[in-house]
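Here is the structure we will look at.
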Amino acid sequence: MIRIDFGTLFEFEQEDKKRKKENRQKIADFLTLCETHRATVVEQRDWHTRDLVHFVGISTYLVFTITISDQYLAIQTSQIREKFQTFQCDYVSIPDRLAVSLEQPPIEKMDLHEIVACPHCEKKTPYDGYMQHCVHCGNKMDTLIKTCTSCSNHVGYHPSFNFCPSCGTELQPQTYEGPPLNELDPNSLIWGIPLEETPDEDPFLGGPSLS
């Protein structure tokens, strides 16, 4: 399912002729596509801005979306309702505009990332913060987090990092006794985590005497 989005139309058209022309063209394109593909059109009020109406045209392989201000473009919203006899609903789920991509490989579906090179067979092997052995040869992997000796002595980097992203200095493995990396960063986006907690400042430090 592919989504085609025409954006949100809420501008004060009487003050901007160019914007008015663009809005009319977007609405015309939305109507043409819905009609050409025999789409079923549903509408949903925006949960946060009740003036905005989300129109969704649903066909076999395509979804067309446009959001229109019911206050400033009331005539246009009425035309869409009359032309397609829209169905009103409280919620409609549509494919995200960023979701149109190639099929994910199986390893990505398992939330495992090929980011650690095995020191024995030199093949990349999944590492999620828990796994300790290479899935290709079975030997124990080097899963120690690394630190920079130049600029970030108290910041740890992922085992796959060889050089500091801040200064370029070669990173050194460091023994780390703490929760697995995927608990510190469940989204696997780590590139720098503090290894030591910074002490909270005394809120009364330097303040006026209470005596």
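Would you mind calculating the gained length between Arg24 and Ser93 on full extension (0.36 nm times residue separation, minus the Cα-Cα distance), in nm to one decimal? Intermediate results must be reported in sequence, preceding the final value.
Working: separation 69, 0.36 × 69 = 24.84 nm, distance 2.60 nm.
Extra length available between Arg24 and Ser93 comes to 22.2 nm.
Excluding residues on the same chain fewer than 8 positions from Lys146, give the lysines whose Cα lies under 25 Å from its Cα.
Counting by Cα, and skipping residues close in sequence, Lys146 has these lysines nearby: Lys123, Lys124.
FRET efficiency for Leu144 and Asp5, Cβ-Cβ distance as r, R0 = 45 Å, nearest 0.05?
0.45
Spin-label point model (7 Å from Cα, Cβ direction): what's the His48 to Thr60 distance in nm?
My value for the distance between the label points is 3.7 nm.
Which net charge results when you count Lys and Arg as +1 and Asp and Glu as -1 among the other residues whose beta-carbon is under 14 Å from that of Arg45?
-3
Every number here is computed from the coordinates shown, using simple stated rules; none is lab data. All values reported here derive from a predicted model rather than from experimental measurement. Methodologically, a virtual Cβ is constructed for each residue, glycine included, from the backbone with ideal geometry; neighbour enumeration extends over all protein chains shown.
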